[in-house]
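*Asks:* Following this message is one structure expressed as structure tokens.
The values are calculated or read from the model by the stated rules, or taken from the named source; none is laboratory data. Just so we're clear, the structure is a prediction, and the values are computed from it rather than from any experiment. Don't worry about glycine lacking a Cβ; one is built from the backbone with ideal geometry, like all the others, and counts go over all protein chains shown.
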Amino acid sequence: MKELDFLIIGQGLAGSLLAWTLHRQGFSVNIAHDPDYAGASRVAGGMINPITGLRLALADNTSRQLAAANSLYQQIADFFSTTVFYPRKIARLFKNDQEQDWYRKRASQPRYREYLGEPFSPATQTIPLSHELGGFYIRKGGYLDTCKCLDLLLQYFDNNNMTVSSAVKYNQLQVNADSIQWQGLQARQAIFCDGARMLNNPWFDWLPMQALHGDILTLRGPAIHDDTILNFGNWLLPLQGNTYRYGATIHVDHADPAPVPAGRKQLLAELNLRTSGKPFTCLSHHAGVRPATRDRMPFIGKHPKYDPLFIFNGFGSKGSLTIPSYLKQFTRLLCQQKPVDAECDISRYLEACHFD
């Protein structure tokens, strides 16, 4: 029996960054990786956008989240002598007069000033989509190349004998008072980073996860000045060679990760409304199921009954931005028994649940 500090179940972005962080801190870690499962992390655009929503909202902890994300992704880039995070300016196109009003309001608020860039007019020629109301730029945005990051980490885990390439069947896990056993491994603690599969997790299915299916297209089209990311309800992310990632649809409580043809049709129709002559060509269509939460805060914490079981999940579409910051809290919980913030602690749902 191989003894470990931590068994991490799930090699999406949350599980991979957690395994990397704990390993770098000197703990023994194995990560269970199902090679046949296409999780949402590998489909995601990896967008980091500090200003979101119809009211152009800025979360209170955005500065902390950006600092943690930049630090962790730079650490990974330095270790592997490559780049995984790409800072980019974001051009958000106004959809209506209300968004223009919100921009003027936010621009007058001091905490927004480092993130809100200058407005641009409908006459701006560097944006290849129609923008009859103009728009504005967002600073400190960008994207994480999630596939590249996950591939680098998976190869590193493989080289260091840290992976088990097998789907985890929940009924094969033996939970003891102070450890968990599975496939010849005995870990002090098991951490579920199982994404949308959490819906079938018998220890954490009491948490109100919401499966959000999203379709994403890869396109070819005209160049965008300075590789600016375009946001117009959907997002258009420039890659290399005039190719783009474009998405995403949202289908609530849809747990099947297969691409939906109607999603492709919807995305292309919405893009064509802002173009003439259909300059973009669809190269491929992918989809994933994001593990979202009803209050938009992740699920982090220890099981109320089984001490060896923990969860680090539910980051939805903002995982590239938020996971590194929550990692700091979670590792302090694991290693120093320091509580995480109440807003993300799973204990916020305990009153509605009963455990024998």
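*Asks:* Can you tell which of Ala177, Ala187, Ala211 is buried (at least 20 other Cβ atoms within 10 Å of the Cβ) and farther than 30 Å from Phe94 by Cα? So that I can check it myself, show each step before the final result.
*Replies:* Details: Ala177 fails: buried (at least 20 other Cβ atoms within 10 Å of the Cβ); Ala211 fails: farther than 30 Å from Phe94 by Cα.
After ruling out the rest, the residue left standing is Ala187.
*Asks:* How many of the residues making up the range 129-166 are small (Gly, Ala, Ser) and either surrounded by fewer than 14 Cβ atoms within 10 Å (Cβ to Cβ) or within 17 Å of the chain's Cα centre (by Cα) (or both)? Can you show your working first?
*Replies:* Start the filter on the range 129-166 by keeping residues that are small (Gly, Ala, Ser), which leaves 130, 134-135, 141-142, 165-166.
Then drop every residue that is not either surrounded by fewer than 14 Cβ atoms within 10 Å (Cβ to Cβ) or within 17 Å of the chain's Cα centre (by Cα) (or both), which leaves 130, 141-142, 165.
The number of residues fulfilling the criteria is 4.
To keep it simple, each residue is scored yes or no on (1) assigned by TED's automatic domain parsing to the domain that holds Trp182; (2) assigned to a strand (DSSP E or B).
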residue	(1), (2)
Ile8	yes, yes
Gly15	yes, no
Trp20	yes, no
Ala38	yes, no
Asp60	no, no
Leu66	no, no
Ala69	no, no
Tyr73	no, no
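*Asks:* Within the range 99-128, which residues are surrounded by fewer than 17 Cβ atoms within 10 Å (Cβ to Cβ), at pLDDT 95 or above and among the aliphatic types (A, V, I, L, M)?
*Replies:* Ala107
*Asks:* Return the total of residues in the range 245-283 being loosely packed, with under 14 Cβ neighbours inside 10 Å and either in a loop (DSSP other than H, G, I, E, B) or over 21 Å from the mean Cα position of the chain (by Cα) (or both). Break it down into steps so the answer makes sense when it comes.
*Replies:* Within the range 245-283, the first condition is being loosely packed, with under 14 Cβ neighbours inside 10 Å, and the residues that meet it are 252-253, 256, 258, 261-262, 265, 269, 272-273, 276-278, 281, 283.
Then keep just the ones that are either in a loop (DSSP other than H, G, I, E, B) or over 21 Å from the mean Cα position of the chain (by Cα) (or both); that gives 253, 256, 258, 261-262, 265, 269, 272-273, 276-278, 281, 283.
Number satisfying all stated conditions: 14.
*Asks:* Continuing with the same structure: Quick test of your reading of the structure: Ile180 fulfils all but one of (1) under 29 Å from Thr293 (Cβ atoms); (2) within 26 Å of the chain's Cα centre (by Cα). Name the failing condition by number.
*Replies:* So Ile180 meets the others, but not (2).
*Asks:* Taking the range 159-195 only, how many residues are assigned to a strand (DSSP E or B), closer than 26 Å to Phe80 by Cβ and of a type in the set (Gly, Ala, Ser)? First the steps, then the outcome.
*Replies:* We begin by selecting, within the range 159-195, every residue assigned to a strand (DSSP E or B); these are 163-165, 174-175, 180-182, 185-192.
So of that shortlist, the ones also closer than 26 Å to Phe80 by Cβ come out as 163-165, 191.
Filter again for of a type in the set (Gly, Ala, Ser), leaving 165.
Going through the range 159-195 one residue at a time, the tally reaches 1.
*Asks:* Just to be sure I understand the filter: pairs with C-beta atoms under 7 Å, separated by 6 or more residues or on different chains, first member in the range 116-134 and at positive phi, second member surrounded by fewer than 11 Cβ atoms within 10 Å (Cβ to Cβ) and of a type in the set (Gly, Ala, Ser). Which pairs pass?
*Replies:* Gly134/Ser121
*Asks:* Here's another thing I want to ask about it. Count, please, the residues in the range 53-93 that happen to be β-branched (Val, Ile, Thr) and touching a strand residue (DSSP E or B) at 6+ places or on another chain (Cβ under 9 Å).
*Replies:* 4
*Asks:* If Thr124 passes every condition in (1) in a loop (DSSP other than H, G, I, E, B); (2) under 30 Å from Ser16 (Cα atoms) but one, which one does it miss?
*Replies:* With respect to (1) in a loop (DSSP other than H, G, I, E, B); (2) under 30 Å from Ser16 (Cα atoms), Thr124 is out only on (2).
*Asks:* Also, quick follow-up: Any residue at all in the range 327-341 that is hydroxyl-bearing (Ser, Thr, Tyr), assigned to a helix (DSSP H, G or I) and more than 18 Å from Asn49 (Cβ to Cβ)? Lay out the reasoning, then the answer.
*Replies:* Pass one, the range 327-341, residues hydroxyl-bearing (Ser, Thr, Tyr): 331.
Now narrow it down to the ones that are assigned to a helix (DSSP H, G or I): 331.
Filter once more, so that each one left must be more than 18 Å from Asn49 (Cβ to Cβ): 331.
The answer is yes; a qualifying residue exists.
*Asks:* Let me ask something else. Could you look through the range 214-227, keep only residues that are at pLDDT below 95 and not charged (D, E, K, R), and pick out the one that is farthest from Ala269 (Cα to Cα)?
*Replies:* Of everything passing the filter in the range 214-227, His225 is farthest from Ala269 (Cα to Cα).
*Asks:* Looking only at residues that are assigned to a loop (DSSP other than H, G, I, E, B) and of a type in the set (Gly, Ala, Ser) in the range 22-36, which one is surrounded by the most Cβ atoms within 10 Å (Cβ to Cβ)? Don't jump to the end; show me each part of the working.
*Replies:* First, pick out the residues of the range 22-36 that are assigned to a loop (DSSP other than H, G, I, E, B): 25-28, 34-36.
Next, from what is left, pick out any that are of a type in the set (Gly, Ala, Ser): 26, 28.
Working: Gly26: 9, Ser28: 15.
Restricting to residues being assigned to a loop (DSSP other than H, G, I, E, B) and of a type in the set (Gly, Ala, Ser), the top hit is Ser28.
*Asks:* Among the numbered criteria (1) over 23 Å from Gly45 (Cα atoms); (2) buried (at least 18 other Cβ atoms within 10 Å of the Cβ); (3) under 29 Å from the mean Cα position of the chain (by Cα), which one does Asn171 miss?
*Replies:* Status for Asn171: all satisfied but (2).
*Asks:* Quick check on Ile90: is it outside any helix (DSSP H, G or I) and either surrounded by fewer than 18 Cβ atoms within 10 Å (Cβ to Cβ) or not aromatic (Phe, Trp, Tyr) (or both)? Before the answer, list the steps.
*Replies:* On the way: outside any helix (DSSP H, G or I): yes; either surrounded by fewer than 18 Cβ atoms within 10 Å (Cβ to Cβ) or not aromatic (Phe, Trp, Tyr) (or both): yes.
It is true that Ile90 is outside any helix (DSSP H, G or I) and either surrounded by fewer than 18 Cβ atoms within 10 Å (Cβ to Cβ) or not aromatic (Phe, Trp, Tyr) (or both).
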